[in-house]
1. Quick check on packing: order 59-68, 103-112 by the mean number of other C-beta atoms within 10 Å, highest mean leading.
2. Along the charge dipole of region 3-175, pointing to its positive end and built from +1/-1 on Cβ of Lys, Arg, Asp and Glu, which listed residue (Asn57, Leu80, Trp47) has its Cα farthest out?
3. Express the relative contact order of region 71-140 as a whole percentage, based on alpha carbon pairs under 8 Å and six or more residues apart in sequence.
4. Can you give the helix-only mean residue ellipticity at 222 nm for the chain, where every DSSP H stretch with n ≥ 4 adds -39500 (n - 2.57) and the sum goes over all residues, rounded to the nearest 500 deg cm²/dmol?
5. Under the Karplus relation 6.51 cos²θ - 1.76 cosθ + 1.60, θ = phi - 60°, what is the ordered set of whole-Hz ³J(HN,Hα) values for region 44-54, x standing for Gly and Pro?
6. For the chain, with the dipole built from +1 on Lys and Arg beta-carbon atoms and -1 on Asp and Glu ones, taken about the Cα centre, which of Leu142, Asn169, Val129 lies farthest toward the positive end?
7. Given a cut-off of under 8 Å on Cα pairs at least six residues apart, what relative contact order in percent is computed for the chain?
8. For region 3-175, what does the convex hull of the Cα positions come to per residue, in cubic angstrom?
Amino acid sequence: MTAHSADAATQRPDLPAQILALLVLLALPMGVGFLGSALTSDQVDGWYAQADVAPWNPPNWVFGPVWTVLYLTMGLAAWLVWRERAAPGRPRALGLFALQLVLNGLWTPIFFGAYPLWGSAALWLAFAVIVAMIAAVVATILAFRRVRGFAAALLLPYLAWILYASTLNLSIAVMN
């Protein structure tokens with residue numbers, strides 16, 4: 001490998017590619033959130049409005065703004081990792097990001113959408129999914145840290161929120 005080709009391998013993608021990737025990586029988590037919300041919004045006003053919830057459960061209006069910020073920071077974190085083309089851990093880090101995003105996308109329809117069909121079993125299945133999501137997010141943070149430390153730091157509020165959300169899920173499963 002020549003010095004010139006080694007330099008080319010470590011360069012970041014050109015600006016148009018970076019902008020496109022940023023837009024895609026912001027849109028992916030936002031799309032997961034939008035789809036989950038669109039598919040289950042009837043249930044928030046349905047069975048969930050009547051459910052026994054934890055005393056620390058926030059009002060429903062809190063969830064939208066919090067998730068919007070978290071989805072945007074998730075996309076930004078993934079973009080920062082994506083830009084590091086030469087980082088040896090980049091493919092694994094992005095794969096873990098995709099895994100946690102899939103788990104995130106599964107949780108909402110299981111928790112909200114499956115409850116009318118499966119009852120409390122849906123709440124317990126959703127709890128299993130959120131526990132798996134926590135593990136996947138921790139693995140993603142560790143993998144991101146090897147590629148770009150700031151990207152890992154951007155995911156810490158997300159981890160804190162899903163840890164909190166897991167307590168809400170568990171309490172609803174126990175009380176309903």
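Each value in this text was obtained by applying a stated rule to the coordinates, not by laboratory testing. This structure is a prediction, so every number in the text was calculated from the model and none was measured. Don't worry about glycine lacking a Cβ; one is built from the backbone with ideal geometry, like all the others, and counts go over all protein chains shown.
1. On the way: 59-68: 12.3, 103-112: 21.2.
Highest-to-lowest ranking by the protection proxy: 103-112, 59-68.
2. Highest projection toward the positive end goes to Leu80.
3. Working: 45 pairs, mean separation 23.8, N = 70.
Relative contact order, region 71-140: 34 percent.
4. Values: 9 runs with 143 residues, N = 176.
Mean residue ellipticity at 222 nm (helix-derived): -27000 deg cm²/dmol.
5. 4, 8, x, 4, 5, 5, 9, 6, 6, 10, 5
6. Result: Leu142.
7. Working: 186 pairs, mean separation 51.3, N = 176.
Dividing the mean separation by the residue count of the chain yields 29 percent.
8. Numbers: hull volume 17.8 nm³, N = 173.
Hull volume normalised by residue count: 103 Å³.
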